[in-house]
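Worksheet: the structure to be examined is printed underneath.
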């Protein structure tokens, strides 16, 4: 299985390392994407916004790299810190700039939206919550984002969300979800 691990921590590679180490013994090919290093800290530029509905809508090199990785992977693991029970702005920026027409969805001739990520079989979000926080709210933005990506994937794609309170559990959670889901 080809996995893409997306790191949305602005000041740490620890989650990426923990997940990679935990999965290193499994029969997976791992690609990584660091949103900070790729330049997704800023929001959509005017040129990206203007090109959104055009045929050649991938304007920046970061968009092109991310789109190629997302379209060629079978599993997507997105790890990020929760800030006030929300995913960070860098995740929203990446989502807005990469999950665009032609990458994650297309339009039929009648104008209906069709999912284009049929390659995805597994989507897992790993969110690091602040210590001593209570359970997730009923209207959780992380679940909404996960559902939005899942709707563009294939029918057999499984998705899950883990809220973790310590960095050491990132790799363990990623590994157990892959095994529990029957992908390994």
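The values are calculated or read from the model by the stated rules, or taken from the named source; none is laboratory data. It should be emphasised that the depicted structure is a prediction, and the values quoted were computed from it without experimental measurement. For neighbour counting, all protein chains shown are included, and Cβ atoms are generated from backbone atoms with ideal geometry for every residue, glycine included.
A few points about this structure:
- Single match in 69, 58, 3 (criterion: within 20 Å of residue 103 (Cβ to Cβ) and assigned to a loop (DSSP other than H, G, I, E, B)): 58
- Selection from the stretch 24-47 of residues that are over 25 Å from residue 122 (Cα atoms) and touching a residue at least 40 places away in the same chain (Cβ under 8 Å): 41, 42, 43, 44
- Among the residues of the stretch 18-49, the ones that are in a helix (DSSP H, G or I) and farther than 20 Å from residue 106 by Cβ come to 12 in all.
- The number of residues in the stretch 62-116 being more than 14 Å from the chain's Cα centre (by Cα), in contact (Cβ under 8 Å) with a residue 40 or more places away in the chain and under 20 Å from residue 42 (Cβ atoms) comes to 1.
- Against the numbered list (1) in contact with a helix residue (DSSP H, G or I) (Cβ under 7 Å, 6 or more places away or on another chain); (2) under 16 Å from residue 95 (Cα atoms), residue 22 comes up short only at (2).
- Here residue 59 passes the criteria (1) within 13 Å of the chain's Cα centre (by Cα); (2) crowded, with 18+ Cβ neighbours inside 10 Å except the one numbered (1).
- Subset of the stretch 54-73 [touching a strand residue (DSSP E or B) at 6+ places or on another chain (Cβ under 6 Å) and farther than 20 Å from residue 118 by Cα]: none
- Residue ranges of helices (runs of 4 or more DSSP H) in the stretch 78-184 with at least 1 members at pLDDT 85 or above and buried (at least 17 other Cβ atoms within 10 Å of the Cβ): 89-98, 141-150
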